[in-house]
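Each remark here refers to the structure printed beneath this line.
The values are calculated or read from the model by the stated rules, or taken from the named source; none is laboratory data. Please read these numbers as outputs of a predicted model, since none were measured by experiment. Here the Cβ positions follow ideal geometry from the backbone for every residue, glycine too, while neighbour counts run over all protein chains shown.
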Amino acid sequence: MNAGIYADMLHRAATTLGGVSRLALRLEAPPEVVRKWVPGTEEAPLAAFLEALDVVAQGPYAKGRRPLRVAAIRNG
């Protein structure tokens, strides 16, 4: 179910950063693995999806910036 949402966000992040290779560097993941995540061939892990959200939220300013880290806190 999440595969389509994750793939869309990873695609947007790759576009923002200038390609899948740059996204792979940002995610600290092998490019060949990220190339499977972007079209949704394989579902990316939650951490990769959250990092992609950060990239997209930063917009065109994401290039060349150090990544921001976010934390999810569960209540209960």
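Structure summary
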item	result
Pairs with Cβ under 7 Å, 6+ apart, first in the stretch 10-34 and farther than 17 Å from Pro60 by Cβ, second assigned to a helix (DSSP H, G or I) and among the aromatic types (Phe, Trp, Tyr)	Leu10/Trp37
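Here's the yes/no breakdown for (1) in contact with a strand residue (DSSP E or B) (Cβ under 7 Å, 6 or more places away or on another chain); (2) modelled with pLDDT of 95 or more; (3) surrounded by fewer than 14 Cβ atoms within 10 Å (Cβ to Cβ); (4) assigned to a loop (DSSP other than H, G, I, E, B):
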{"residue": "Ile5", "(1), (2), (3), (4)": "no, no, yes, no"}
{"residue": "Ala24", "(1), (2), (3), (4)": "no, yes, no, no"}
{"residue": "Glu42", "(1), (2), (3), (4)": "no, no, no, yes"}
{"residue": "Gln58", "(1), (2), (3), (4)": "no, no, no, no"}
{"residue": "Pro67", "(1), (2), (3), (4)": "no, no, yes, yes"}
{"residue": "Ile73", "(1), (2), (3), (4)": "no, no, yes, yes"}
